[in-house]
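Inspection log for the structure reproduced underneath, given as structure tokens.
All of the numbers you see were taken from the coordinates with simple rules; none came from a lab. Predicted model, so just to flag it, every value in this text is computed and none were measured. All Cβ positions, even for glycine, are placed from backbone atoms using ideal geometry, and neighbour counts span all protein chains on display.
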Amino acid sequence: MRVHRNLEQLPAFRNAVITIGSFDGVHSGHRRIIDQVRRLARSVDGESVLITFYPHPRQIVYPRDTSLKLLTTIEEKIALLRELGIDHLVIVPFTVEFSQLSADEYIEKFLVGRFHPRTIVIGYDHRFGLGRQGDIHYLRWHGPRLGYEVVEIEKQTIDDITVSSTKIRNAIEQCNLISANRLLQHPFLLGGTVVHGEKNGAKIGYPTANLEIRDKYKLIPPDGVYAVYAWHQDQRYQGMLYIGRRPTLPDLNQRTIEVNLFDFNQQIYGDELRLELIEYVRGDRKLDSLQLLSAQLAEDKIQTLAILDEAARTQNQKKKHDNARVAVVLLNYNGRSYLEQFLPILLEDTQYENLEIIVADNGSSDDSLAFLAQHYPEQIRVIELAKNYGFARGYNEALLQVNADYYVLLNSDIEVTEGWLDPIISLLEADRTVAACQPKILSFHHREQFEYAGACGGWIDILGYPFCRGRIFSETETDQGQYENTQDVFWASGAAFVVRAELFHAIGGFDPDYFAHAEEIDLCWRLKRAGYRILVEPASVVYHVGGGTLHYNTPRKTYLNFRNTLFTIAKNEPFIKIWWLIPLRLLLDGLAAFLFLYQRRLDHINAILQAHWDFLPKLGVTMQKRRHYNTLVRSLRKRSSTVNTGRYKGVIIWDYYARGRRTFQDLQKP
């Protein structure tokens, strides 16, 4: 990354894709924008240019406002941006004269005159020019004449940035460094020059480097002791940071920032130190003597070392996780519009070191393949299948051509969220008994609600009726944080299904005769019979459009639902149970047909009859499959069956319709 501070000495940018903003903190929201700018620049063989201002405009426009607190100084911002792959960082000196530019002058003299942009990536609420008279609409209006395009950053992304910045500042001011660092996606930084202090620390065995923070607008955490890493001349040291007024030393009342570096014995006055704040250890407090202070610092050091050791273990574990080969595989059938809408988000928010993203095209007749070839020739691997094999066989065929430790089967109408994949891979890496896992699945159109296809983990009742935490039959709940715990479930949704590749093949993959619907329940049931666990990890969140390929309320869906559920029961329930359960299910299916008759949905009655007609003649073939899959289950079984976890001991249709229990939480009531 080249850093430019002089507007008079800017180079001639090639097909510049620019974005403008404060980028204070360079946190997770900012990184989404930066990734978008980099992708756009690559797509036009251009250069990515990030423009920011120094000093912060509020310091110039409102010089008496002392409330401004910045997460990063300009040097910290440069260091963080350097890691993100931007080609050029331009630091514009913000002056009173600059603030007086009209909106037209800002566009013509500053943006176009200095940068000659091909594309400007900007937020919907961006205002510029004297009196904030310019906005994105004004910028777009000038675009055709001046030769640039405007790409709008979504409202949600901008709002997330504002919320994230507020949350980060609040977390730091509440000494919650863990939350702040998670939102930042890097440790909170505090840097300064080492200056002479009173040298009281050296007298009690804990010499400190006193830091002078030059930027008076830099946010300083509350008084107390913090576990930190300290960087000095490209070397990293462990240490504990003290911020406070040294109440044990009554003659010294000035607030000080000083760090005790472990295993360090150098004179570094005048040098720069950059601290990474990892975790809050304790608050500041007065002690009665220097001896007691020394004893307290000894305890602080023990606690600090434990915190830093745990941070190192977590980082090493993450590196280990990143070495696991992960393949995100989207099965596409005539889903060009979904690929166009959701692939950019998937590429942006799935940050994983050893990752391959694949689109397996199931014989599409639309222009999906042409779209992928034009827009993602290098980023996306395409597997072309000869025809539409459906979900089950389509994935079986495609995954034979994929080499990975974990398969992530993702519907093309899924919108992922930032960092969605890591919690699941971490969970699978930490526990080899977990075979498969799903994220929390919310509705794309009603984002506060769970989505039908999987919600927050699948369960099944004693009669083989599936339902979910957050969804029973067609009734979905509002997500109010009621299912935030990682939990064993009976089945994980095929809409966002993460499975160990080795186990997927060893257990026989999906039953190819299912075409679509319930194949993931059948697969999970086999894995559970072999003793493996199926989990839901709500720390991972995705949004699902739902019904993108096959709508939930079509007769075709009804047919597959009734037919495949019978297949699944016949292959997985204990042999003695299926002889009474299957006739009972056929009878209950008949009752469902009467319900469709009452609703005048005659085509769905025909779908149920067709499901039974296809199931009964194939019962002998299904029993052969049962024997085949049982052999695979026995060959894998190294532990007790987990088939009862995620299994509801009641009858869901009775509880739902007769007892009025419409939510998963209601089912837990006595």
Original post:
Going by how many other beta carbons lie within 10 Å of each one, how would you line up Tyr376, Tyr269, Tyr124, fewest first?
Top reply: Tyr269, Tyr124, Tyr376
Original post:
Listed highest first by mean packing, meaning other Cβ atoms within 10 Å per residue, what order do 184-192, 448-456 come in?
Top reply: 448-456, 184-192
Subject >> Where the Cα pairs of the stretch 69-173 fall when distances are cut into 5 Å bins, in % >> reply: 2, 10, 15, 19, 22, 19, 9, 3, 1, 0
Original post:
Expressed as cubic angstrom per residue, what is the convex hull volume of the alpha carbon set of the stretch 232-316?
Top reply: 120
Original post:
From the list [x] 1.14; [y] 1.07; [z] 1.28, can you say which value of Cα Rg over 2.2 N^0.38 Å was derived from the structure given?
Top reply: [x]
**OP:** Return one quarter of the surface area of the convex hull spanned by the alpha-carbon atoms of the stretch 1-56, equal to its mean projected area, in nm².
**Re:** 4.2
Original post:
Using the alpha-carbon atoms, what tilt in degrees (0 to 90, nearest 10) does helix 602-615 show relative to the longest principal axis of the chain?
Top reply: 80
**OP:** Mind sorting Thr66, Thr486 by how few other Cβ atoms lie within 10 Å of their own Cβ, fewest first?
**Re:** Thr66, Thr486
Subject >> Kirkwood Rh (inverse of mean 1/r, distinct Cα pairs), the stretch 582-670, angstrom >> reply: 16.6
Original post:
In the stretch 38-145, which trypsin sites (Lys or Arg not before Pro) are in a loop and have at most 11 other Cβ atoms within 10 Å, using DSSP for the loop call?
Top reply: Arg64
Original post:
trypsin sites (Lys or Arg not before Pro), restricted to the stretch 171-231: which are DSSP loop and have at most 16 other Cβ atoms within 10 Å?
Top reply: Lys199, Arg214, Lys216
Original post:
Which listed residue (Ser364, Val26, Leu346) has the Cα farthest towards the positive end of the charge dipole for the chain, taking +1 on Lys and Arg C-beta and -1 on Asp and Glu C-beta about the Cα centre?
Top reply: Ser364
Original post:
Counting only DSSP beta bridges with both residues in the chain, what percent are antiparallel, rounded to the nearest 5?
Top reply: 55
Subject >> Segments 93-99, 270-276, 408-414, 394-400 sorted - mean Cβ within 10 Å per residue, highest first >> reply: 408-414, 394-400, 270-276, 93-99
Original post:
Using +1 on the beta carbon of Lys and Arg, -1 on that of Asp and Glu, and nothing else charged, what's the dipole of the stretch 40-152 about the Cα centre, debye to 20?
Top reply: 200
Original post:
Cross-link partners among aspartates and glutamates for Lys301, C-alpha distance below 20 Å, same-chain residues fewer than 8 apart left out?
Top reply: Asp223, Glu258, Asp263, Glu276, Glu279, Asp284, Asp288, Asp309, Glu310
**OP:** Taking the Cα centre of the stretch 386-511 as origin, work out the dipole magnitude from +1 charges on Lys and Arg Cβ and -1 charges on Asp and Glu Cβ, in debye rounded to 20.
**Re:** 360
Subject >> Using distinct alpha-carbon pairs, which all enter the 1/r mean, Kirkwood radius of the stretch 2-162 in Å >> reply: 16.0
**OP:** Express the Stokes-Einstein translational diffusion coefficient of the stretch 282-357 in µm² s⁻¹, to the nearest whole number, given a Kirkwood radius over alpha-carbon pairs, 37 °C and a viscosity of 0.692 mPa s.
**Re:** 191
**OP:** Rank by packing, highest mean first: peptides 518-525, 600-607, with packing defined as the count of other Cβ atoms within 10 Å averaged across residues.
**Re:** 518-525, 600-607
Subject >> the chain: relative contact order in percent, alpha carbon pairs under 8 Å with at least 6 residues between >> reply: 9
**OP:** Sort Ser640, Ser28 so that the residue with the fewest other Cβ atoms within 10 Å of its own Cβ comes first and the one with the most comes last.
**Re:** Ser640, Ser28
Original post:
Is there a pair in Lys577/Lys618; Lys577/Lys625; Lys216/Lys286; Lys618/Lys649; Lys69/Lys109 whose C-alpha atoms are over 22 Å apart, and which pairs would that be?
Top reply: Lys216/Lys286; Lys618/Lys649; Lys69/Lys109
Original post:
Where the only charges are on Cβ atoms (+1 Lys, Arg; -1 Asp, Glu), what is the dipole of the chain about its Cα centre, to the nearest 20 debye?
Top reply: 1940
